[in-house]
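The values are calculated or read from the model by the stated rules, or taken from the named source; none is laboratory data. Bear in mind the structure is a predicted one, so any value in this text is a computation, not a measurement. Glycine also receives a Cβ, built like all others from the backbone with ideal geometry; neighbour counts cover every protein chain displayed. Surface accessibility is based on the protein's heavy atoms, side chains included, excluding ligands, DNA and RNA. Shrake-Rupley method; radii C 1.70, N 1.55, O 1.52, S 1.80 Å.
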Amino acid sequence: NVLLVTIVAIVPCIFISIYMPMTFVGFIINVCACVLLALLSVLLVGCSKDERAQLAEAVIKRFSAK
């Protein structure tokens with residue numbers, strides 16, 4: 001699972017960094033995209049259905065407790 005999550009997260013980040021201009025804005029976009037892709041790959045590829053359900057329940061509980 002770890003290898004698959006890593007590949008799913010890194011490959012798009014490499015393409016983004018190749019085609020994104022090397023400016024400050026490009027750097028910020030690249031970092032944000034890579035963090036988002038890493039989180040999504042862990043959530044969608046690395047977690048089981050039960051783990052995703054537990055996470056969703058915890059997030060809903062955290063933000064609805066106000």
Study note, to complete from the structure: Cys residues of the chain with no disulfide-compatible partner (no other Cys Cβ under 4.7 Å) are 32, 47
Revision key, fill the gap. Rounded to 0.05, the calculated FRET efficiency for the beta carbons of residue 55 and residue 7 at R₀ = 30 Å is 0.85
Point to revise | Mean Cα-pair separation over length for the stretch 5-61, i.e. relative contact order, pairs under 8 Å, 6 or more apart, % | key: 44 percent
Point to revise | Carbon and sulfur %, accessible surface of the chain computed with the full protein complex present, 1.4 Å | key: 75 percent
Study note, to complete from the structure: Taking every alpha carbon pair in the chain and sorting the distances into 5 angstrom bins from 0 up to the bin holding the longest one, the percent per bin comes out as 3, 18, 18, 16, 15, 13, 10, 6, 1
